[in-house]
1. Which of the residues belonging to region 169-201 are over 10 Å from the mean Cα position of the chain (by Cα) and surrounded by fewer than 18 Cβ atoms within 10 Å (Cβ to Cβ)?
2. Looking at SER98 and the list (1) exposed (fewer than 13 other Cβ atoms within 10 Å of the Cβ); (2) among the small types (Gly, Ala, Ser); (3) in a helix (DSSP H, G or I), which single condition is not satisfied?
3. Quick one: how many residues across region 149-179 are of a type in the set (S, T, N, Q) and out of contact with any helix residue (DSSP H, G or I) (no Cβ under 6 Å at 6 or more places or on another chain)?
4. Can you tell me which of (1) under 28 Å from GLY186 (Cβ atoms); (2) among the polar types (S, T, N, Q); (3) surrounded by fewer than 17 Cβ atoms within 10 Å (Cβ to Cβ) is the one SER71 doesn't meet?
5. Of ALA160, ALA156, which residue is free of Cβ contacts under 8 Å to residues at least 60 places away in the same chain and in a loop (DSSP other than H, G, I, E, B)?
6. Which residue is surrounded by the fewest Cβ atoms within 10 Å (Cβ to Cβ), if the candidates are limited to region 121-140 and must be in a helix (DSSP H, G or I) and in contact (Cβ under 8 Å) with a residue 40 or more places away in the chain?
7. Against the definition (more than 10 Å from the chain's Cα centre (by Cα) and under 23 Å from SER54 (Cα atoms)), how does ILE161 come out, yes or no?
8. What number goes with the only condition from (1) at pLDDT 95 or above; (2) touching a Leu at 6+ places or on another chain (Cβ under 7 Å) that ARG192 does not pass?
Amino acid sequence: MPVQDRWSQLRRFTPARIALGAIGHALPTPQVLDLQQAHAEAKDALYTPLEDASIQAELALLGIASLTLESAAPDRDTYLKRPDLGRILATPHPELPSTDIALVIADGLSPLAVNRHAIPLLNAMLPLLPTAISPVVLVKQGRVAIADEIGFLLKARLSAILIGERPGLSSPDSLGVYITYSPRPGRTDAERNCISNIRHDGLSYESAARRIAYLIREALHRQLTGVHLKDESETLAIPSTSN
């Protein structure tokens with residue numbers, strides 16, 4: 001008979017794999033099969049194609065122009081082996097109109113996350129932004145830093161990239177958003193702000209949209225992003241109890 005961990009009730013409060021029980025020195029068969037399924041779902045998320053045509057159609061319904069570009073990584077296997085190629089656009093560079101905020105949607109390491117969550121997040125986010133955004137640039141085989149080049153080409157004051165995060169064994173469809181003031185090639189991760197874990201079992205679209213809008217407004221006002229810009233949106237939302 002399986003020997004259950006006495007803390008197994010904690011599993012009600014977390015998707016983490018804790019208190020799985022044991023048969024001798026091994027995991028019970030149901031837990032082994034669950035782990036194998038989670039691994040398969042994470043791998044599927046990694047290789048799911050970006051549904052750029054569908055996303056562009058949804059953007060058109062919102063009245064937002066869009067276009068699809070590709071990174072210098074010609075295929076998925078190259079993208080995984082050469083992260084540097086995912087950070088730059090394939091040449092030649094297209095002619096892009098200037099905009100205040102460069103909004104980029106890239107498949108990243110989980111195109112599944114982008115397919116599921118990009119449009120619902122935008123629906124919650126767009127009404128909160130201080131300025132209109134257009135066009136939206138979709139990128140196949142893109143990494144976070146590709147928004148630096150796109151933002152620079154668009155002469156944008158700020159870039160925000162919606163991107164699929166590395167699939168985990170409990171979260172294959174997590175979406176992240178990276179915000180960079182004065183985007184240009186060579187920016188570092190210390191110069192960005194990130195909102196992550198946007199998914200049904202993680203950060204909600206509404207909460208993420210509020211945080212993103214706050215960071216964008218503050219970034220444009222303070223003219224910076226990164227380690228010197230803290231997300232204080234939740235603190236500001238708490239009413240004062242002082243008389």
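1. Those that are over 10 Å from the mean Cα position of the chain (by Cα) and surrounded by fewer than 18 Cβ atoms within 10 Å (Cβ to Cβ): LEU169, SER170, SER182, ARG184, PRO185, GLY186, THR188, ASP189, ALA190, HIS200, ASP201.
2. Every listed condition holds for SER98 apart from (3).
3. Adding up the residues that qualify gives 2.
4. Every condition holds for SER71 apart from (3).
5. Going through ALA160, ALA156 in turn, just one is free of Cβ contacts under 8 Å to residues at least 60 places away in the same chain and in a loop (DSSP other than H, G, I, E, B): ALA156.
6. Among those that are in a helix (DSSP H, G or I) and in contact (Cβ under 8 Å) with a residue 40 or more places away in the chain, it is ASN123.
7. In short, no.
8. For ARG192, the exception is condition (2).
The values are calculated or read from the model by the stated rules, or taken from the named source; none is laboratory data. Quick caveat: nothing in here was measured; it's all calculated off a predicted structure. No Cβ is skipped: glycine too gets one built from the backbone with ideal geometry, and neighbour counts run over all protein chains shown.
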